[in-house]
1. Which of the residues belonging to the stretch 190-215 are over 29 Å from LYS246 (Cα atoms) and surrounded by 13 or more Cβ atoms within 10 Å (Cβ to Cβ)?
2. Filter the stretch 89-116 down to the residues that are out of contact with any helix residue (DSSP H, G or I) (no Cβ under 9 Å at 6 or more places or on another chain), surrounded by 18 or more Cβ atoms within 10 Å (Cβ to Cβ) and assigned to a strand (DSSP E or B) and list them by number.
3. What pairs come out if I take residues in the stretch 119-137 that are β-branched (Val, Ile, Thr) and pair them with residues that are surrounded by 14 or more Cβ atoms within 10 Å (Cβ to Cβ) and at pLDDT below 95 whose C-beta lies under 6 Å away, six or more apart or interchain?
4. Among the candidates ASP163, ASP178, single out the residue that is touching a helix residue (DSSP H, G or I) at 6+ places or on another chain (Cβ under 7 Å), among the acidic types (Asp, Glu) and over 30 Å from ARG103 (Cβ atoms).
5. Hey, among the residues in the stretch 216-234 that are assigned to a helix (DSSP H, G or I) and in contact with a strand residue (DSSP E or B) (Cβ under 8 Å, 6 or more places away or on another chain), which one's least open to solvent (accessible area, probe 1.4 Å)?
6. Would you say GLN245 is open to solvent by less than 40 Å² (accessible area, probe 1.4 Å), polar (S, T, N, Q) and free of Cβ contacts under 8 Å to residues at least 60 places away in the same chain?
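The values are calculated or read from the model by the stated rules, or taken from the named source; none is laboratory data. None of these values were measured; they are calculated from a predicted model. Counting neighbours? That spans all protein chains shown, and the Cβs are built from the backbone with ideal geometry, glycine included. For the accessible areas, the whole protein counts, side chains as well, though only heavy atoms, and no ligand, DNA or RNA atoms are used. Shrake-Rupley method; radii C 1.70, N 1.55, O 1.52, S 1.80 Å.
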Amino acid sequence: MACASCSTKDGSPKGCKNNGTCGTDSCNKLTVFDWLANMSLPNGEKPFNWVEVRYKNGRKEYYNNTENLTLSIGDIVATQAKAGHDIGMVTLTGELVRVQMKRKNISEKPEEEFKIYRKASQKDIDIWSTARDKEEPMKVRARQFAIDLKLQMKISDIEFQGDASKATFYYTAEDRVDFRELIKVFAREFRTRIEMKQVGFRQEAARLGGIGSCGRELCCSTWLTDFRSVSTSAARYQQLSLNPQKLAGQCGKLKCCLNYELDSYLDALKSFPKNDTKLFTEKGTAVCQKTDIFKGHMWYAYEGEWMNWHKITTEQANEIIELNKQKKKVASLEEYASDLIEVDTKEVFENVVGQDSLTRFDSPKRNNKRKNNRRKGNQKGNQGNKKPAANKNVTSYRNDTSNKNATPKKNPNQNKRRKTDKRKPQNSNKNAEK
């Protein structure tokens, strides 16, 4: 969701050009809705003195408002840093900041406490904007330096401090990297203090953002803050194909959304027997071949008859297993499978829009060349005939006899008739002589 100033004009995006620091705070990452904004505090209660400040790509820090400044969401403030000061935007105030700090295990009385200096002046904002404009060309050059030194690392992002005195380089690497020589090159080329910070592949995707396979923004860059471990067993429980290209996200790891519905699948599977449990019947031993978690059905096949599957419900499977534990066997699975009567429900969709069928162009066109050629031949042959033929069933070769130059077609049965005609008078003469 974007603010009104980010609308499009003449087909091109207009944009507020605030680099994610607009006052509405509606197009930023990891935003928190302040549902206590319109509620007043009880009498005698002091407002919570801590403030949440957001920096580039969703990085958030919490500061103590020791100066008792009147701050609201969207204010640009100058905050304390280890060396110098930083520039950020206020994203949350009041009691919700206490809830966020408790959720992230941040103490209200830390050993090293940072505070807010003041609201940022125009000079502070100009220095901050100039420093942020240098980040992209610096990232291109920094990657080239890492390639020249043959370091197995990827520099994903660069973030300048608000006073442009320090640049933080975020990188990803699978193994430990010795970047001491790289820092010397960076300090000599960029003329600023350098800090290298390694992040994981999931954190890299969260900082850069993007569109997932579902068509929406990545969860890690919009609302997800805690990255839980995802294993392939989550895909097995949900009966998904173990295809790494489909299960992996943009970070190269398993998708975080595999854990969203895992609990509901585990609850549904509690009523299912184990797939390796065999059913013993008088007809033979049956082995599970397939399960349908949503409908509660299971398919079994006898050993040696793997092509014939028999569908039963989970209750019936558990009933057979209990009988087998009592050393009893059922007659066959066909008795249980016959109880399942499926009703074919075909959904018929009506054309409520009033448009034509989408498959109206799918039918192949007929070849009308032969018909046209026949019509042309009939028209040429009938030019001399003034009266139409009386019999409509007359064949075309008879109409062609009206033309003098036309050669009559031979009848294949004509020779047989002549032979039979010659034999008849011979037989009649013999009878006469007798």
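1. Of everything in the stretch 190-215, those that are over 29 Å from LYS246 (Cα atoms) and surrounded by 13 or more Cβ atoms within 10 Å (Cβ to Cβ) turn out to be PHE190, THR192, ARG193, ILE194, GLU195, MET196.
2. Hits for the stretch 89-116 are MET89, VAL90, THR91, ILE116.
3. Going by the 6 Å Cβ cut-off, the qualifying pairs are ILE127/ALA164.
4. Criteria check complete, one pass: ASP163.
5. ALA234
6. So GLN245 does not fit the description; no.
Matching residues to (1) assigned to a helix (DSSP H, G or I); (2) open to solvent by less than 90 Å² (accessible area, probe 1.4 Å):
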{"site": "ARG236", "(1), (2)": "yes, no"}
{"site": "PRO273", "(1), (2)": "no, yes"}
{"site": "GLN289", "(1), (2)": "no, yes"}
{"site": "ILE312", "(1), (2)": "no, yes"}
{"site": "ASN318", "(1), (2)": "yes, yes"}
{"site": "GLU322", "(1), (2)": "yes, no"}
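Residue-by-condition table, conditions (1) under 26 Å from LYS29 (Cβ atoms); (2) not acidic (Asp, Glu):
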| residue | (1), (2) |
| --- | --- |
| ALA187 | no, yes |
| PHE201 | yes, yes |
| GLU204 | yes, no |
| PHE227 | yes, yes |
